[in-house]
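Shown next, in structure tokens, is the structure this report addresses.
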There are 2 protein chains.
Amino acid sequence: MEPTKYLLDEKEMPREWYNLAADLPKAPLPPLGPDGNPISPDMLAPVFPMNIIEQEVSAERWIKIPEEVLEILSIWRPAPLYRARRLEKMLGTPARIYFKNEGVSPPGSHKPNTAVAQAYYNKEFGIKRITTETGAGQWGSALSFACSLFGLECKVYMVRISFEQKPFRRLMMETWGGKCIPSPSEETETGRKILAQDPDTPGSLGIAISEAVEDAVTDTSGKTRYSLGSVLNHVLLHQTIIGLETKKQLKLAGEKKADVIIGCTGGGSNFAGLAFPFLADKIAGQEMDVIPVEPTSCPTMTRAPFSYDHGDTAEMTPLLAMHSLGHSFVPPPIHAGGLRYHGVAPLISHAIETGLITPRAIDQLECYQAAVDFARTEGFISAPETSHAIAATIQEAKKAKEEGKEKVIVFNWSGHGLMDLKGYHAFFAGHLDNYPLPEDVLQKSVASLKKYPKAQL
Amino acid sequence: MEPTKYLLDEKEMPREWYNLAADLPKAPLPPLGPDGNPISPDMLAPVFPMNIIEQEVSAERWIKIPEEVLEILSIWRPAPLYRARRLEKMLGTPARIYFKNEGVSPPGSHKPNTAVAQAYYNKEFGIKRITTETGAGQWGSALSFACSLFGLECKVYMVRISFEQKPFRRLMMETWGGKCIPSPSEETETGRKILAQDPDTPGSLGIAISEAVEDAVTDTSGKTRYSLGSVLNHVLLHQTIIGLETKKQLKLAGEKKADVIIGCTGGGSNFAGLAFPFLADKIAGQEMDVIPVEPTSCPTMTRAPFSYDHGDTAEMTPLLAMHSLGHSFVPPPIHAGGLRYHGVAPLISHAIETGLITPRAIDQLECYQAAVDFARTEGFISAPETSHAIAATIQEAKKAKEEGKEKVIVFNWSGHGLMDLKGYHAFFAGHLDNYPLPEDVLQKSVASLKKYPKAQL
């Protein structure tokens, strides 16, 4: 019997995270404050604990993973690397397809890799309570899980419309002891103001971020901090354990190198987690196609400019140098909620600009068909975000067939879709759309970026 | 760092299932037909393929697992064995607690262990289409998954009220290509009759079984058979891979023996899967407490007589020798849908009667509290059925503390609760009840058994 998956023992878990910033061919651009000048680390101190801020700005190549973090990660890590033999057979491809199964974590995605680390550093710094926002609920549940295991309080501001439409995600958070309330809420100044103006607002991620940050910075005890689940350098750093494990597992599978690396990309943390350790090899000269995948309806990487922009709709965050559709962009209602973000991580934007990675956009319908083919060959039901990585993998496997090449394709299976089955149902019923973004709408949205400094590497 | 879990390589998967029937101190009682005489294997031929019927009546101790079955099982097997160190710490117990994680299968429970085997044997026998019933949906999704990977059609009759209340389980089945319809349906004689009498009936498992069996036996092409997810000998047999793996993993963990074996028990397949391979050692003289756990509201093993009874409400199945509350027993609406069954597997009933195992009943509220403690220490959210095994484990760990004994306790974590979060919400809101079964209701229900032959070992 040929092996289905490649496991590592807990003893072989990576002991250090990999920091791509140390190897980038050009220096990353710093975040800017409201005055247009680079912000200093201590300006972030009311928001994040200082040990996390140090990681955010670190240029060290390798950063030690604390034992306490490894201990919790070992609940599901090392995550198995699978060979997708039945999918290969269905496609008749000479390519060898591997996927890293991040859906085995208790919350069901890669998100806890950083949630656990962030909860640990907050606890180390003496913090008792963490606030955050969540859209569809993946991040809120990952952070509730992590806080539960470190004995921290967790308060999640969940976009009101999602709070009402996706009650099960909220119930997951509650089961781990997290407190989840709909945003806007009566508990913050921001929330009260918005409710006074529009009591029936469905809420937005921008509002929820504002509320979570306000909650953290206004706690006069100093025992509360805010936590973010993607985009920032330290979040991507914590995810690199994915790619570091994958490299060891490919060796176990007898592969000398990977030819194609694929991950779906919203804020960018799951893509970065798999891809960054491979980019180190690419920077060192190895040939490799590295492909972050986004929806055609939210084409941040493939059609938006590289510019300074706010990370949130409410303009509370520093300006980040990134590909952005403009922070007021309203993405269409695709099911991949985690890919409906106007920007993308500065480190990923940097890698696009320097030609290290080649983004790709794929239609929603093609992604769902890919996820159905995957479920019926490999057995796992994928999250709608993850389906984008599968669709790109299938494109690459077909290309390898046309070219007659035995390529090694690796993608990050970022999470299961058991909490998101409505999208499959809509797909089977023929109710889904691709929502391609018209050029005039795109132009109007990115025009808002003109007032910010240009991003120039 | 102390190990969190014990993995086995795919090469170490057990190659044979263990058949407890070969080692029982007394001969098992045969199923009886409507005339009160033992039924012959060929009477079951229109319902099950002959290769499965042979397993059902086999007295061989070891039965080879086909390579094709192992290949699909390897998607998630060997399943990890965990040491529950944080739970131990919370309880301050000297006991070492281990749990076998069967929630890692794509459908999220132990059910696919037999679904895959049954799909394989049906395919081998030339069958193209399998019918079954499902209550809450665990079994229907496991069989849809298995049929998908073997290219078989799958038709699931789902109890109408569950079909309406639990749409996500149905969507899982659809994603794997299974066809799931509410029962009673217009597609069978049984369904049409019942709908004519009562168009608004919520349906029942008994009706759904009748429809699924009728569908199979009336297909004149001979290409359809019926499949059952628990109770029968061959189903329990296929689950023994759980306990066989666990024994190897306990050795890896440095344990010479297990002192207490625990599993929640409805029809009995997940309990049997873990416990039967250990019972072989107990029969050979090793001291061990083996505890199947049921809800106090459905006390089949702890308060019902050992008698012949039908496996279904509609009296279509042969008479089985088992502990039964009477096949017309209507269990209260506890959340552990998989434990709401009037009977329990004949092999388990036999083990109770011969003193090999000691059943225990636990209240719903105690089970939910145990599941919450487990989620907040070990990280995993448990199915409501599984919570019964956790509650018994906590009872045993506290007992070990009182006695000051370093016991080794092993329980089967039969599945995750991500599709069943409403129960947790009701628990936190204080809306749950224990529904203890009053003695007069019990007596009235078991009185129906008087007309059937006595079960006497």
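The values are calculated or read from the model by the stated rules, or taken from the named source; none is laboratory data. Values in this document were obtained by computation on a predicted structure and should not be read as measured data. Glycine gets a Cβ as well: all are built from the backbone with ideal geometry, and neighbour counts include every protein chain shown.
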Run A:Lys128 past the list (1) under 28 Å from A:Ser328 (Cβ atoms); (2) at pLDDT 95 or above; (3) more than 14 Å from every other protein chain (Cβ to nearest Cβ) and report the number of the one that doesn't hold. (1)
Being crowded, with 20+ Cβ neighbours inside 10 Å, away from chain B (no Cβ under 12 Å), in contact (Cβ under 8 Å) with a residue 24 or more places away in the chain and not aliphatic (A, V, I, L, M): is that true of A:Phe411 here? yes
Residues that are among the β-branched types (Val, Ile, Thr) and away from every other protein chain (no Cβ under 11 Å), drawn from the range B:359-373: B:Ile362
When the residues of the range A:116-135 are filtered to those that are touching a Cys at 6+ places or on another chain (Cβ under 9 Å) and of a type in the set (Ser, Thr, Tyr), which remaining residue is nearest to A:Leu228 (Cα to Cα)? A:Thr132
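Yes or no, residue by residue, for (1) among the small types (Gly, Ala, Ser); (2) surrounded by 21 or more Cβ atoms within 10 Å (Cβ to Cβ):
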residue: A:Asp9; (1), (2): no, no
residue: A:Pro14; (1), (2): no, yes
residue: A:Gly33; (1), (2): yes, no
residue: A:Gly36; (1), (2): yes, no
residue: A:Ala45; (1), (2): yes, no
residue: A:Gln55; (1), (2): no, yes
residue: A:Glu60; (1), (2): no, no
residue: A:Ser74; (1), (2): yes, no
If B:Arg376 passes every condition in (1) free of Cβ contacts under 8 Å to residues at least 60 places away in the same chain; (2) of a type outside the set (Phe, Trp, Tyr); (3) away from chain A (no Cβ under 14 Å) but one, which one does it miss? (3)
Which of the numbered conditions does B:Ala216 fail, given that it passes all the others? Conditions: (1) closer than 20 Å to B:Glu56 by Cα; (2) buried (at least 24 other Cβ atoms within 10 Å of the Cβ); (3) of a type in the set (A, V, I, L, M, F, W, C). (2)
Residues A:Pro94, A:Pro78, A:Pro112, A:Pro106: which one is in contact with a Lys or Arg (Cβ under 7 Å, 6 or more places away or on another chain), modelled with pLDDT of 95 or more and closer than 29 Å to A:Thr377 by Cβ? A:Pro94
Subset of the range B:421-450 [in a helix (DSSP H, G or I), within 12 Å of chain A (Cβ to nearest Cβ) and small (Gly, Ala, Ser)]: B:Gly423, B:Ala426
A careful count of residues in the range A:82-101 that are within 29 Å of A:Met173 (Cα to Cα) and away from every other protein chain (no Cβ under 13 Å) gives 1
Entirely in the range B:12-117, the helices (runs of 4 or more DSSP H) that have 3 or more residues that are under 19 Å from A:Pro80 (Cβ atoms): B:67-73
Being small (Gly, Ala, Ser) and out of contact with any Asp or Glu (no Cβ under 7 Å at 6 or more places or on another chain) is the filter; apply it to the range B:16-31 and report the residue that is surrounded by the most Cβ atoms within 10 Å (Cβ to Cβ). B:Ala21
Over the range B:156-169, the set of residues surrounded by fewer than 24 Cβ atoms within 10 Å (Cβ to Cβ), away from chain A (no Cβ under 14 Å) and within 22 Å of the chain's Cα centre (by Cα) is B:Arg160, B:Ile161, B:Ser162
Would you point out which residue out of B:Gly151, B:Gly140 is away from chain A (no Cβ under 12 Å) and small (Gly, Ala, Ser)? B:Gly140
Being touching a residue at least 24 places away in the same chain (Cβ under 8 Å) and in contact with a Gly (Cβ under 9 Å, 6 or more places away or on another chain) is true for just one of A:Ala272, A:Ala258. Which residue is that? A:Ala272
Sort out which residues of the range A:170-181 are more than 9 Å from every other protein chain (Cβ to nearest Cβ) and under 22 Å from the mean Cα position of the chain (by Cα), and write them in order of number. A:Met173, A:Gly178, A:Cys180
Candidates B:Ser210, B:Ser185 - the one that is touching a Gly at 6+ places or on another chain (Cβ under 7 Å), hydroxyl-bearing (Ser, Thr, Tyr) and crowded, with 18+ Cβ neighbours inside 10 Å: B:Ser185
In the range B:406-424, which residues are farther than 16 Å from B:Ile261 by Cβ and either in contact with a Phe, Trp or Tyr (Cβ under 9 Å, 6 or more places away or on another chain) or modelled with pLDDT of 95 or more (or both)? B:Glu406, B:Gly415, B:His416, B:Gly417, B:Leu418, B:Met419, B:Leu421, B:Lys422, B:Gly423, B:Tyr424
Matching residues, the range A:191-213, being without any contact (Cβ under 8 Å) to a residue 60 or more places away in the chain and either touching a helix residue (DSSP H, G or I) at 6+ places or on another chain (Cβ under 9 Å) or part of a strand (DSSP E or B) (or both): A:Gly191, A:Ile194, A:Thr201, A:Pro202, A:Gly203
Determine whether A:Thr224 is β-branched (Val, Ile, Thr), in contact (Cβ under 8 Å) with a residue 40 or more places away in the chain and more than 20 Å from A:Leu319 (Cα to Cα). yes
Options B:Ile394, B:Ile390: the member that is under 22 Å from the mean Cα position of the chain (by Cα) and within 14 Å of chain A (Cβ to nearest Cβ): B:Ile390
Starting from residues that are within 14 Å of chain B (Cβ to nearest Cβ), out of contact with any strand residue (DSSP E or B) (no Cβ under 9 Å at 6 or more places or on another chain) and not basic (Lys, Arg), keep the ones in the range A:8-30 and report whichever is farthest from A:Ser307 (Cα to Cα). A:Asp9
Could you please find all residues in the range A:299-325 being modelled with pLDDT under 95 and among the small types (Gly, Ala, Ser)? A:Gly311, A:Ala314
From A:Leu418, A:Leu356, residue being within 14 Å of chain B (Cβ to nearest Cβ), surrounded by 18 or more Cβ atoms within 10 Å (Cβ to Cβ) and not in a strand (DSSP E or B): A:Leu418
(1) crowded, with 24+ Cβ neighbours inside 10 Å; (2) modelled with pLDDT under 95: which one isn't true of A:Arg340, the others all being true? (1)
